[in-house]
1. Might you let me know whether region 18-30 holds any residue that is surrounded by fewer than 10 Cβ atoms within 10 Å (Cβ to Cβ) and in a loop (DSSP other than H, G, I, E, B)?
2. Looking at the structure I just gave you, is Ser44 part of a helix (DSSP H, G or I) and of a type in the set (Ser, Thr, Tyr)?
3. So Asp56 ticks every box in (1) exposed (fewer than 10 other Cβ atoms within 10 Å of the Cβ); (2) of a type in the set (D, E, K, R); (3) modelled with pLDDT under 95 but one. Which box is left unticked?
4. Scan region 32-53 for residues that are exposed (fewer than 11 other Cβ atoms within 10 Å of the Cβ) and either touching a residue at least 12 places away in the same chain (Cβ under 8 Å) or over 13 Å from Leu15 (Cα atoms) (or both) and jot them down.
Amino acid sequence: MNKPYMSLQPTEVALLDAASRIYSARLLSGQVPDGGEHEALKTSVAESIDLARLIDEGVMADKELD
């Protein structure tokens, strides 16, 4: 079998979780037109990254105190 292998880092997993929730909300609310799935996925990923940056700018994590 020729299966693709993928290993995501913890930050990538967190972004995937956020992006999937954003995308799911758009699907459930009817905001994703037929044929627009890929663009909606890209937008969801970009928005999850924006959220992460806002959090990083506004919050000092424990390990950042060292």
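1. Residues of region 18-30 surrounded by fewer than 10 Cβ atoms within 10 Å (Cβ to Cβ): 28-30.
Then drop every residue that is not in a loop (DSSP other than H, G, I, E, B), which leaves 29-30.
Checked against the condition, which is being surrounded by fewer than 10 Cβ atoms within 10 Å (Cβ to Cβ) and in a loop (DSSP other than H, G, I, E, B), region 18-30 yields at least one hit.
2. In short, yes.
3. Of the numbered conditions (1) exposed (fewer than 10 other Cβ atoms within 10 Å of the Cβ); (2) of a type in the set (D, E, K, R); (3) modelled with pLDDT under 95, the odd one out for Asp56 is (1).
4. Answer for region 32-53, where residues must be exposed (fewer than 11 other Cβ atoms within 10 Å of the Cβ) and either touching a residue at least 12 places away in the same chain (Cβ under 8 Å) or over 13 Å from Leu15 (Cα atoms) (or both): Pro33, Asp34, Gly35, His38.
The values are calculated or read from the model by the stated rules, or taken from the named source; none is laboratory data. Remember, predicted model here, so these are calculated numbers, not experimental data. FYI the Cβ positions are ideal-geometry reconstructions off the backbone, even for glycines, and counts take in every protein chain you see.
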